[in-house]
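The values are calculated or read from the model by the stated rules, or taken from the named source; none is laboratory data. Note that the coordinates shown come from a computational prediction; the quantities given were computed from them, not determined experimentally. In this analysis, Cβ positions are derived from the backbone assuming ideal geometry, glycine residues included, and neighbour counts consider all displayed protein chains. Surface accessibility is based on the protein's heavy atoms, side chains included, excluding ligands, DNA and RNA. Shrake-Rupley method; radii C 1.70, N 1.55, O 1.52, S 1.80 Å.
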Amino acid sequence: MIKRILKTATLITLFFALHSANCYAKEITWKTVDHIIDGDTFVTKDGSHVRLLGINTPEIGRGGKENQPFANEARLKLNTLLFNKRVRLEFGERYKDRYNRLLAHVYMEDGTWINRELIALSLAHVYSFPDNRAHTNTLIELENNVKLKKQGIWGLERWKTYKTDEEIPDSAIGKFNITEGTVHHTTNTKGKIYINFGSNWREDFTVEIRKKELDIFKQSGIDPSENYNGKKLQIRGVFKPVNGVLVTATHPEQLTILSNF
């Protein structure tokens, strides 16, 4: 009887521990905004630094550097929306970054989704991570619609969506960019998937999916070797100077299927 009670108690403890951990990943809390740091970061009255999830705004210049275009506009807009306001923070799988900032989707009391608002105003682009993917596809769909107007950051050459390898300048290497192309073929080499956008992998644009990240794609119901073959894709990621240009995709939201061929 004692063993049975202890076993039951252990199971109950485990249940609540797992339940708490799961709830914590989806935790919602309310805070009041004290001041704005830049277009995607602010500080609350209790001293918490909050970074908006799933987006990135132009950088404010520090250490003698100039502001990136539209950096000040993004900061001013966030200040207009949030200064001294009570906001709801909705956390994802990872709720803090290496700088100890809270990572959150932020909502005003009237329901306005701030992350979405900055995308809608062409003052931010989508920027996602494999451990914080919630709402990313919604933001990508919005981004693809608003950038057609070529306003805000989308009117800049820096944020051009590249359509061919020849369009990619040397200045794009080492930076996050967006490109589109039709998959020529895929290759599986020792568990690593290469998605090739030309016949010569040594020179053409390529996406790699490393073995350790393949599970994320499979959990989303995607087999890269099959699902992307022959498709027109929109690719988001840092351009690397490897056999032409290469992007490492760590999660499916970096690869948006635009059409079938």
| note | Scanning the stretch 42-93 residue by residue, those part of a loop (DSSP other than H, G, I, E, B) and of a type in the set (Lys, Arg) turn out to be Lys45, Arg62, Lys65, Lys85
| Are there any pairs with C-beta distances below 6 angstrom linking a residue in the stretch 28-49 that is in contact (Cβ under 8 Å) with a residue 40 or more places away in the chain to a residue that is buried (at least 16 other Cβ atoms within 10 Å of the Cβ) and among the small types (Gly, Ala, Ser), with the two at least 6 apart or on different chains, and if so which? | Gly39/Ala74
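For the condition among the polar types (S, T, N, Q), surrounded by fewer than 18 Cβ atoms within 10 Å (Cβ to Cβ), more than 19 Å from the chain's Cα centre (by Cα) and at pLDDT 95 or above, what is the one hit in Asn72, Asn22?
Within the list Asn72, Asn22, the selection yields Asn72.
For every residue, the table says whether it meets (1) closer than 22 Å to Leu258 by Cα; (2) among the aliphatic types (A, V, I, L, M); (3) modelled with pLDDT of 95 or more; (4) over 18 Å from the mean Cα position of the chain (by Cα).
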| site | (1), (2), (3), (4) |
| --- | --- |
| Lys149 | yes, no, yes, yes |
| Phe197 | yes, no, yes, yes |
| Arg202 | no, no, no, yes |
| Phe205 | yes, no, yes, yes |
| Phe217 | yes, no, yes, no |
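So in the stretch 156-171, with the set limited to residues that are in contact (Cβ under 8 Å) with a residue 60 or more places away in the chain and closer than 28 Å to Lys77 by Cα, which one is most open to solvent (accessible area, probe 1.4 Å)?
Per the stated criteria, the residue is Arg158.
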| Search result, residues across the stretch 134-155 that are in contact (Cβ under 8 Å) with a residue 60 or more places away in the chain and either open to solvent by less than 50 Å² (accessible area, probe 1.4 Å) or not in a loop (DSSP other than H, G, I, E, B) (or both) | Thr136, Asn137, Leu139, Ile140, Asn144, Gly152, Ile153
| field | Selected residue [assigned to a helix (DSSP H, G or I) and closer than 30 Å to Asp215 by Cβ] from Asn115, Asn100 | value | Asn115
| message | For the stretch 84-116, give me the residue count where each residue is in contact (Cβ under 8 Å) with a residue 12 or more places away in the chain and loosely packed, with under 13 Cβ neighbours inside 10 Å. | response | 4
| message | I want to confirm something. Restricting to the stretch 169-186 and keeping residues that are within 22 Å of the chain's Cα centre (by Cα) and assigned to a loop (DSSP other than H, G, I, E, B), which single residue is nearest to Ile153 (Cα to Cα)? | response | Lys175
